[in-house]
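Down below is the structure, laid out as structure tokens.
The values are calculated or read from the model by the stated rules, or taken from the named source; none is laboratory data. The model shown is predicted, which means the values in this text are computed figures rather than measured ones. Cβ placement follows ideal geometry from the backbone for every residue including glycine, while neighbour counts extend to all protein chains displayed. Quick note on the areas: whole protein, heavy atoms, side chains included, nothing else; ligands and nucleic acids left out. Shrake-Rupley method; radii C 1.70, N 1.55, O 1.52, S 1.80 Å.
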Amino acid sequence: MSLHSVHGDDNQNSTAAVIKPAQVYSNYRKLLLHGTCTNRDISISQSRDSSSGIPQYIVQIVNTCVSGCAPSDIHLHCGWFASARIVNPRIFKRLFYDDCLVNGGKPLKTSQIIRFTYSNSFMYPLAFKSAKFC
């Protein structure tokens, strides 16, 4: 089985090429595997946990990049992030105003999920700030 590609011009000249599916798949796969990770590959989501007392929020940070490159030194915009409930500083730590470090700066592997819960009277807006990509 092969794919045929025919190209012509206004002078009725045409050229034909035979492309084997394995070759197409191989080139497509190389494109996927050798792509680069970007800030779009760091997914940050929050939801409110239904509990009484001080509101609790669940945060999930996921690396969705499939290139095999694990971004490291991930920083988020986080304002004056604080929690009435202790958050493991190796998972998420405010360093300065509007600068929180994820996973202690260690690489976040493909599909790895960082999950933590914090307690505060309001939800902090968390957004990607910076990271080191391969």
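What the range 38-132 shows is 56 Å² of accessible area per residue, with the surface traced by a 1.4 Å probe over protein heavy atoms.
Working from label points 7 Å from Cα in the Cα-to-Cβ sense, the Ala84 to Gln112 distance is 3.2 nm.
What the phi angles of the range 92-106 give under the Karplus curve with 6.51, -1.76 and 1.60, with θ = phi - 60°, is a coupling list of 8, 9, 7, 8, 8, 4, 6, 9, 10, 9, 9, 6, x, x, 6 Hz, glycine and proline written as x. Only protein atoms count toward the accessible area here, which uses a 1.4 Å probe; on the range 38-132, the carbon and sulfur part of that area reaches 53 percent.
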